[in-house]
Amino acid sequence: MADTVLLIDGNSIAFRAFFATINSLDRFTNHAGVHTNAIFGFNNMLDILLKQVEPSKVLVAFDAGKTTFRTEKYGDYKGGRQKTASELLEQMPLIKQMLDGYGIEHYELKNWEADDIIGTMAKQAEAAGDDVIVVTGDRDLTQLATEKTTVAVTVHGVQELEEYTPKYVEEKLGITPNQIIDMKGLMGDTSDNYPGVQKVGEKTAIKLVKQFGSIENLYDNIDTLKTSKMKEHLIEDKDKAIMSKDLATIRRNAPVEKSLDDIGYSGPNVEVLRDFFTDMGMKGALAKIGGAEEKPAPKAKWSVLSAANIGDALKLKSPVAFGLEMLDDNYHNAAISAFYVGDADQTFVSADLSLLDDLEFHMWLEDPARELTVFDAKRMIVAAARLQLNIRPACDELLASYLLDPDDNSADLGTMARRRSYLELPSDAEVYGKGAKRKQPEDDVFYNHLALKSQALLKLRAGLLTDLEKQGETDLFTNLEMPLAGVLAKMEMRGIKLEPDTLAEMGKNFEGSLAVMEQDIYREAGHEFNINSPKQLGTVLFEDLGLPAVKKTKTGNYSTNVEVLEQLQSAHPIVKDILSWRELSKIQSTYVNGLQKALQPDGRIHTRYLQTLTQTGRLSSIDPNMQNIPARGTGKQVRKAFVPSHKDWIIYSSDYSQIELRVLAHISGDENMREAFREGRDIHANTAMKIFNLKSPDEVTPDMRRQAKATNFGIVYGISDFGLARNIGITRTQAKQFIEGYFNQYPKVHEYMDKMVEVAKKQGYVETILHRRRYLHDINSRNFNLRSFAERTAMNTPIQGSAADIIKIAMVRMDKALKDAKLQARMLLQVHDELIFEAPASELEELKKLTASVMDSAIKLAVPLKVDSHAGDNWFDAK
DNA sequence: CTACTCACG
DNA sequence: ACGTACGTGAGTAGT
């Protein structure tokens, strides 16, 4: 049987692993202060590869040093590179040590690069009839792909591999693997610092290689090329092209002293590896290599709380960890199966919820002096409230972790703890199981797990708080997000009243219309099919009816989205019918039916806001999502079903006008934009005047205003000419002119965009006005797409995030203001820039004044904030 | 469990 | 030259 040979580009993988986690470099250090992030990433990758590939032979090749035969040929080869970071350098010998523990051969050869070692070994292995897998972070190695050799290139750090077979190379580039060197020869390589032919990039290079097959053949037939600048350049740079091809060519005959027989792999030396991982402080890896079976689940000390010893709980000292355990995630109705309470010394657990009714214990828990530390405050507040217990946690560790890094938002304490190097708490999934198998374990295991949670909370608390302080987020945490958790809990518990009859009636009508439309569509198609299936619909439109396919999806299927269908409207009458059917069917299934399913026995909808999910600081809403109820078109009717709780009450909504553009005017410091807002001008018309170079607002046509509005939006999203052009249906050149005009008129906005990208590149994150932070891992990526995305995010996040900050302040203050004014009015919903209330009609005037003053003054910006409000008998009319 | 589509700001 | 708007959640099909 053929062997599978795994060949790994050691330097390249170490490099990728290092940069994948460079933002949290300091979280990966061992007792001696040595960084371990690259070791960690390398190990993860190795672990996965060994399991998936099950190789019988493995070799990790390293570069031997700076000088190689390539630098002898061309002195500037790989010149001008930055020095390797010392934090990575110190890990290189340790990675080799780890490989020794794995029993994996590693090898380097003076004057040769790792690539050449790999190329040489791959050739030998192929000759022996083996299958070869090359793993690297360097695309240039894809030239090695053959029928027997697959080249796996890392994407997204080292998490994922993209496998290059000859077929895949051809699909992707249109040339064969062994033509890659011809392409590189023509285009050169900036990172390896060798030249190609002037003005020839990847596109041109591929075109030429396709045409001529190779550089040699190209120059043999150069006369067949039409006279052009390119031809001149090709002739002028012939020597460079030939030299560059030579530099790009991986040698397959390096004097490698290892043979296939030397690189057999038969599994790790667990003892050696265990010592190594222990020394590196890599507890996760340690557990994985066999520690796992031997090591019992962590054991906590705890006592079961009962009526007999409840007095002991009252002696616990702040900070006190507390939690109500629910195995379902919807805390509005999940069964509460137990609670835990503890301090640094003692932990109590109990499944007897009636203990929480004990008057003394009850008051002790509710006492604001208690400093309760919890995981997911809103969840705990709502669950406790169901037991008539009104807690006000002082510290929510989920929220803290989320503010430190919005990526760290796992709804599981054990998972968060592990990320912070605390390994004494397994995840809920490990203890309870997941999916259908999830269930409460026997008492001993269950109580132990709860006790571990209590102890983890107390162990992690100080570190989280000092980290918040270090990141300047203490105020955001203490004075905004923590209080907001309480406000949101109240909003969710109140819910909003829904009249199911209103929906049911709408549903009946829609059902009738849908049935008629369906028949029309089937008739036009010539047969019945599932209109809801994009696949079947694609077949009907683009094969049966032969309409021109406009666009494909990323998986290569026909796209049938609105944009496509709108373009096809005139081509066939069926298209219009499908569009109408789609619109109605969406309303029917998601809203008319969906909302009725979400209606609770109390006649109300109780959404859950996710306070620790979005990357920008916005809330999101689930189960049901109350932030995407139709606001336009036919679907808007759905809003009629949302009504006040009581007779003679009203629904009242108050929304920030243009909050994101006002934030932009503020943080960019642009005087032109600030003035427009200060003067109370129509910002879109103002922008239209600027970019169309008009003298007076009267000259602004509705279409100009529409385009200007789209441009304003585009700016907020981190504009590109392509995106803007597509959005408003103009040419890319026109879009470019719009943007140029825009930046001329709002010069500081331009500066702001550049500055945010620069800041992100330098420090790895951007911030909102309240110092909410978002890390942008891809900001220095060499992948254009990833990097561009990160750049747009760098521009957008401070804007979207600061707007989120502002409405959150307004919510916390509104909650207090309503209480202070002793109004019956209540806040029910938040939809990003809008707050929705219900109130007795008699309170409307006062409510108007209150929302205006509280929302306007939530924060002091260099421009005024403006609030619009509407009232009505239901949500539809409150707009 | 992923892909597609479409609802919101 | 590269391929694009920013942030979400839910329903349905189809593997």
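The values are calculated or read from the model by the stated rules, or taken from the named source; none is laboratory data. Only a predicted model underlies this, so the values are computations on that prediction, with no experimental measurement involved. Positions of Cβ are generated from backbone atoms using ideal geometry, with glycine treated the same way; all protein chains shown enter the neighbour counts.
A compact table of results
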quantity: Candidate set: region A:553-579, residues that are among the polar types (S, T, N, Q) and within 11 Å of DNA strand B (Cβ to nearest atom); chosen: the one farthest from A:E524 (Cα to Cα); calculated: A:T555
quantity: In region A:190-200, residue surrounded by the most Cβ atoms within 10 Å (Cβ to Cβ) [restricted to those that are within 16 Å of A:K229 (Cβ to Cβ) and β-branched (V, I, T)]; calculated: A:V197
quantity: Test: residue in region A:750-766 that is over 24 Å from the mean Cα position of the chain (by Cα) and part of a helix (DSSP H, G or I); calculated: yes
quantity: Condition check for A:I651: β-branched (V, I, T) and either surrounded by fewer than 22 Cβ atoms within 10 Å (Cβ to Cβ) or within 34 Å of the chain's Cα centre (by Cα) (or both); calculated: no
quantity: Residue that is nearest to DNA strand B (Cβ to nearest atom) [pool: residues in region A:520-531 that are surrounded by 12 or more Cβ atoms within 10 Å (Cβ to Cβ) and under 18 Å from A:L584 (Cα atoms)]; calculated: A:I531
quantity: Qualifying residue in region A:572-590 (condition: more than 30 Å from A:A504 (Cβ to Cβ), in contact with a Pro (Cβ under 8 Å, 6 or more places away or on another chain) and either hydrophobic (A, V, I, L, M, F, W, C) or assigned by TED's automatic domain parsing to the domain that holds A:D520 (or both)); calculated: no
quantity: Region A:405-415 - residue that is part of a loop (DSSP other than H, G, I, E, B) and small (G, A, S) and, of those, surrounded by the most Cβ atoms within 10 Å (Cβ to Cβ); calculated: A:S410
quantity: Candidates A:T634, A:T612, A:T687 - the one that is of a type in the set (V, I, T), within 12 Å of DNA strand C (Cβ to nearest atom) and outside the structural domain of A:D412 (by TED's automatic domain parsing); calculated: A:T612
quantity: Complete set of residues in region A:332-349 that are in a loop (DSSP other than H, G, I, E, B) and in contact (Cβ under 8 Å) with a residue 40 or more places away in the chain; calculated: A:H332, A:N333, A:A334, A:D343, A:A344, A:Q346
quantity: Considering residues of region A:361-404 that are out of contact with any helix residue (DSSP H, G or I) (no Cβ under 8 Å at 6 or more places or on another chain) and not aliphatic (A, V, I, L, M) only, the residue surrounded by the fewest Cβ atoms within 10 Å (Cβ to Cβ); calculated: A:P368
quantity: Filter pass, A:V550 being among the hydrophobic types (A, V, I, L, M, F, W, C), in a loop (DSSP other than H, G, I, E, B), within 11 Å of DNA strand B (Cβ to nearest atom) and over 21 Å from A:Q519 (Cβ atoms); calculated: yes
quantity: Every residue from region A:375-404 that is assigned to a loop (DSSP other than H, G, I, E, B) and farther than 19 Å from A:F339 by Cα; calculated: none
quantity: Single residue of region A:631-648 satisfying the filter (of a type outside the set (A, V, I, L, M), within 11 Å of DNA strand B (Cβ to nearest atom) and surrounded by fewer than 17 Cβ atoms within 10 Å (Cβ to Cβ)) that is farthest from the chain's Cα centre (by Cα); calculated: A:T634
quantity: Strands (runs of 3 or more DSSP E) lying entirely in region A:812-874 (those with 1 or more residues that are closer than 18 Å to A:Y609 by Cβ and in contact with a Pro (Cβ under 7 Å, 6 or more places away or on another chain)); calculated: A:834-840
quantity: Residue among A:I779, A:I807 that is away from DNA strand B (no atom under 16 Å from the Cβ), within 30 Å of A:Q763 (Cα to Cα) and either of a type in the set (A, V, I, L, M) or in a strand (DSSP E or B) (or both); calculated: A:I779
quantity: Identity of the residue in region A:201-232, modelled with pLDDT under 90 and either aromatic (F, W, Y) or part of a loop (DSSP other than H, G, I, E, B) (or both), that ends up surrounded by the most Cβ atoms within 10 Å (Cβ to Cβ); calculated: A:L225
quantity: Count of residues meeting criterion [away from DNA strand B (no atom under 12 Å from the Cβ) and closer than 20 Å to A:L484 by Cβ] in region A:782-804; calculated: 2
quantity: Any hit, region A:227-240, residues being under 25 Å from A:E113 (Cα atoms) and away from DNA strand B (no atom under 16 Å from the Cβ); calculated: yes
quantity: Sole residue being out of contact with any Lys or Arg (no Cβ under 8 Å at 6 or more places or on another chain), modelled with pLDDT of 95 or more, assigned to a loop (DSSP other than H, G, I, E, B) and more than 18 Å from A:Q97 (Cα to Cα), chosen from A:A307, A:A300; calculated: A:A307
quantity: Count - residues of region A:731-758 that are surrounded by fewer than 17 Cβ atoms within 10 Å (Cβ to Cβ) and β-branched (V, I, T); calculated: 2
quantity: Identity of the residue in region A:848-864, buried (at least 20 other Cβ atoms within 10 Å of the Cβ) and within 22 Å of A:A631 (Cβ to Cβ), that ends up farthest from DNA strand C (Cβ to nearest atom); calculated: A:T851
quantity: Evaluation of A:R274 against (1) outside the structural domain of A:D130 (by TED's automatic domain parsing); (2) modelled with pLDDT of 90 or more (one fails), failing number; calculated: (2)
quantity: Members of region A:716-749 found to be part of a helix (DSSP H, G or I), within 12 Å of DNA strand C (Cβ to nearest atom) and touching a residue at least 60 places away in the same chain (Cβ under 8 Å), listed by number; calculated: A:V716
quantity: Top-ranked residue in region A:583-609 [being of a type in the set (K, R), in contact (Cβ under 8 Å) with a residue 40 or more places away in the chain and within 11 Å of DNA strand C (Cβ to nearest atom); ranked as surrounded by the most Cβ atoms within 10 Å (Cβ to Cβ)]; calculated: A:R608
quantity: Verdict on A:K123 being in contact with a Lys or Arg (Cβ under 8 Å, 6 or more places away or on another chain) and surrounded by fewer than 17 Cβ atoms within 10 Å (Cβ to Cβ); calculated: no
quantity: Cβ-Cβ under 7 Å pairs, at least 6 apart or on other chains, region A:828-847 side under 16 Å from A:N628 (Cβ atoms) and in contact (Cβ under 8 Å) with a residue 40 or more places away in the chain, far side among the charged types (D, E, K, R) and within 16 Å of DNA strand C (Cβ to nearest atom); calculated: A:H832/A:R618; A:D833/A:D655; A:E834/A:D655
quantity: Some residue of region A:671-678 being among the acidic types (D, E), closer than 28 Å to A:A871 by Cβ and either within 12 Å of DNA strand B (Cβ to nearest atom) or in contact with a helix residue (DSSP H, G or I) (Cβ under 8 Å, 6 or more places away or on another chain) (or both); calculated: no
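Condition check ((1) over 23 Å from A:A485 (Cβ atoms); (2) among the charged types (D, E, K, R)) across all residues:
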| residue | (1), (2) |
| --- | --- |
| A:M811 | no, no |
| A:M814 | no, no |
| A:E845 | yes, yes |
| A:F876 | yes, no |
